[in-house]
Every structure is written in C-alpha cells, then in structure tokens.
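Notes for the one structure printed next.
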Amino acid sequence: MCRSFKRRLAPAKANGLAMKDHLIIFDTTLRDGEQSPGASMTQDEKVRIALALERLKVDVIEAGFPAASNGDWGSVQAVARAVRDSVVCGLARATENDITRAAEALKPARRMRIHTFIATSPIHMREKLRMEPDQVVEAAVKAVKLARRFTDDVEFSPEDAGRSEPDFLCRVLEAVIAAGATTVNIPDTVGYTLPHRFGALIKDLRARVPNSDKAVFSVHCHTALGLAVANSLSAVLNGARQVECTINGLGERAGNAALEEVVMAVRTRQDEFPCDTRIDAREIVNCSRLVSGVTGFPVQPNKAIVGANAFAHESGIHQDGVIKSRRTYEIMRAEDVGWSANKLVLGKHSGRAAFKKRLEELGHRFAADADLNEAFARFKELTDKKHEIYDEDLQALVTESTHARVDERVKLVSLEAMSKTGTKPVAQVSLIVDGERLDAKAMGDGPVDAVFSAIEQVVGSGAQLLLFSVNNITQGADAQGEVTVRLSRNGQIVNGQGADTDIVIASAKAYVNALNRLQVAPTLRQHPQHAAEAVGMP
C-alpha cells in the first residue's frame, strides 16, 4: 500500500561534507525529438547525432522506438552498435511484441535499457486504451517482468502522469518497482502541470511509494505552456535524479525540456541544487548546431545557451558593464558551453589535412575517404565564393553533403532567375531526372517561387510545401544562406536543405534535396509518429 507519511532522505557524506548526487541526463532527441513533423532522420544521421551525444557525455541515449518500423529498428541497432560509453535505450509499449523488438535491436549495445510505458490518466485509460485500472496495472507489471528477461536496466513510464490520480500512480509505481523497474519516469505528457505542483507530485510519490528507494525517479516534461524546463527543475529540487530532455528542446508538438537549459541551470545554480550532471558542456553548441542542421529546425537567435544572441550585448549600459566585469551581465562563460571567439578557421589555401582536423574538432568524422573528398571539394567551391570560412560554414557544408547522399534521382544542373520591378519574376531551370536532362521555364510571385514552379513542371511531384525557411549562417554581405524546405506527400514529411551565397540557388538546392528524400522516404523508414499515433507516447 502507498504510505501516507513523508520520509526524510539524508544526503550521503564524504569527509564530513555532503556529496553532490549524480543527475542522470537521458537524451531523447533521436526518439521524441524525431517525432516533430519534418524532423525525420536517416540511420546515418541518427548515428552521427548519437556519437555527438556520447561526446557530450549524455548518460542515456534513447535511440528510437524499434517497433515503429523496420527502419527505426535498424536505426536503433546501428546506434547500439556505434555507441560505446552511453547507455542505449529503446522505447516499447507495454506489449510483448514491442519489448522483444526493442531487445533484439539493442543486442549490440554495451549497455542497454528498455523503456516501456502505458497510460495511467483516467482520460487515457477510458478513451484511448479502453482498459480498467486493474488491467493497466497488470499490463505494466507484465511488461516490466518481460523486459527484465533481457536486461537489468528497465525503465517504466506511466504516460500522462501529470493528469493521473496520485493514489493510482502510487499503486502502479509500487507494482512496477516490485516487478523489477530500476527507473520510474513521471511524464507531463501534455505539458499541463505547473512547476510547484509537479515538484510536489514528485516529492509526494517518493514519500508514499514504499519501495521508492529501489528506483531512480525520472521526469519527462513537454512544453505546451513553455514550462518543461521549469517543471523538470522543480522535480529535481524535489528528488528526481534523472531528467529526460532533448537538444534545442526539439520534440513532439511544442517540444521537450531543452537539455542545454536543464544542464546549465543546474550547473550555474549549484547553490540551490544538491546534484550535478556529468555533461561536458563545451560540446553543447556543437550538438545544437548538428541537430539543427540535420533536422532543418533553426535555433532562434534569442534561444537560451545556444542562440546566436545568448552572449551578445548591444545596450551601451550592458557593454560598459561587461567591459568592466563580465559577471555584471553574464552568469556563465560563453566558452564553457562551446562558443568560440576564434571565428576564422580556414581559407582558400587550406589543405585537406587542416580541413579534416578542424571538422574532427567540431565533432565530424568521415567514414570513408570518398566522403572526405566530397566534403573537401564543396569546401573549395565555397572558398571561391567567400573569403572568410567560419565554423558555422563548415557545419552547414557537412550537413549539405550528408543530405546529398540520398539517391539523387533529380539533380540541379543550372538555373536562371530574373526579377525586375514592374514585371513578374521568371525562372528557367535545367534538371537531370533519372538520367535525362529536362528544361522548364515558369513565372512566380518571386524568384524563388518561380524556381519552385519550374522544378515542379519537370518533376510533377504533387508535394505540398509546408515550410520555406532562410537563415544566414554567418554575418556579412557574403554570408551563406541556409535554406530549409519541408515537403509533404501521402503522409510523408521530409526536409531538404541547401546552402549557397546566392539565396535563390540555395533554395533550388533545398527543394531538389527534399524531392530526392521524398522519393526514398518510404524505403528509409516510417515516421514513428504515424506508427504510434493510435496509442500515444510519453
């Protein structure tokens, strides 16, 4: 039965001083982050991000949802094979098929975790699961016991815990811990809870569940009301010792708690938090850029920690204060999270060895010489267009090279666009489609619209344009523009990316890249959002 009294948990001590607890960072960028429409990643991209997360020293990497599709199963297996230090986790509904599929995918991992879940809120049990509370408890216990046959590291989540009845949560948690769950995760699935109430819930559960000391309490917060990080930190202050989060706050709907914000809040306010993470914060910016580049989701300039303006000062009062003492307006150092004052890194006369070395420093390693040669050729093309090459340019270059590795059924040969005051813009493109060169000419509301119309005349994809986004990669008139195009067709959503000092050319590259990804998307993988939309996810 659940206890009605509260327990005091004394901190461990060493040499008479209280020791800091370890706050486990569980990153779900590859699973929940990928559920953002348009954020689908290929297997190679997942492995790249997983290795970056490992360099960041993330404790647990949730690599995906193996039962969602054969593609997702393969991606989880590839991550499990590549990662050596972090625990690799797979998500599974509380069903035999999901759990066995997860276990099979995770076999190559040095350390594996199975994360199983079932909904516990009245509305989810009644409207979605059509199950009685006793049936939910039985399914949860059965799932945990099955998962324990494959690994000693089993996590259980009561989905929509934020709207679940506390007494029933206590009952479920006590049962799954007794069945062998070593981590119990409390998700605020719909982002409904307020920080003071969520923290109180964690404290209450830890006090009332008799065997709570046998498991790590975790939280997984969504940010529908912008409160995911606040709720997570409130939970940590009330005893949670694992936070589930994502790079850049990527995730389903409005997103998840941002890893970089949780980590730096805990580290910066060590006067308040009785714990700390093992994260190498100097890798945060690199991880942020990589995830942004792969998914095509740009980081807003005023984003905490990783935004371009996070450590910028324009106000005269602020500038004066920072010049006199950095601490007047900066509560952390930019260098500590990976920002570098060394902007110019390579140029026109830089060789292949220097190029490779700098990209390795930024976290990019080439699997084959052919990949290095292709990226280096793109680098040389770029140096002919702009004099100063920045780290951001290199990140964009590698991302574009990776996106271009899909089967290029459509290739851009050339384009000509004309825009003149008083006349409708017109564009002419030359493409190679399945080996045949085809030309088209079209008008549009602007030069980019005209280019897209001309491409569609040739390809006739029937795709719907969901997003067109342009971001300058660096400062200056010769800066590259990075364009993201999101296309949708028959339930498939893909992102295409292109970068160039000419925005119109970058746009054409991005559109063609998206078309190529749309062609191969059904064979690459099914988006987990579609596979699990009927049952929900934490």
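Readers should treat all values here as calculations from the given coordinates under stated rules, not as data from a laboratory. Since the structure is predicted, the reported quantities are computational estimates derived from the model, not experimental observations. Every residue, glycine as well, gets a Cβ built from its backbone with ideal geometry; the counts of neighbours run over all protein chains shown.
Numbers below:
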item	result
Euclidean distance between Cα centres, region 43-106 to region 191-263, Å	22
Total charge dipole magnitude, region 21-146, about the Cα centre, Cβ charges on Lys, Arg, Asp, Glu only, Debye to nearest 20	320
Whole-angstrom Cα spans of region 21-303 along principal axes, big to small	46, 44, 33
Amide H contacts under 5 Å for residue 209, placed H, 5+ residues apart	3
Pairs of Cα atoms farther than 24 Å apart, region 410-524, %	23
Fewest-first sequence of 73, 339 by Cβ atoms within 10 Å of each Cβ	339, 73
Test item: Cα-centred dipole of region 96-185, Lys/Arg +1 and Asp/Glu -1 on Cβ, debye	420
Sites residue 423 and residue 457 - FRET efficiency at Förster radius 25 Å, r taken between beta-carbons, to 0.05	0.80
Distance between modelled label sites at residue 502 and residue 304, nm, 7 Å Cα→Cβ extension	4.3
Fewest-first ranking of 218, 292, 75, 419, using other Cβ atoms within 10 Å as the exposure measure	419, 292, 218, 75
Taking 424, 46 and counting other C-beta atoms within 10 Å, the order from fewest to most	424, 46
Extension gain from residue 380 to residue 414, taking 0.36 nm per residue of separation minus the Cα-Cα distance	10.3 nm
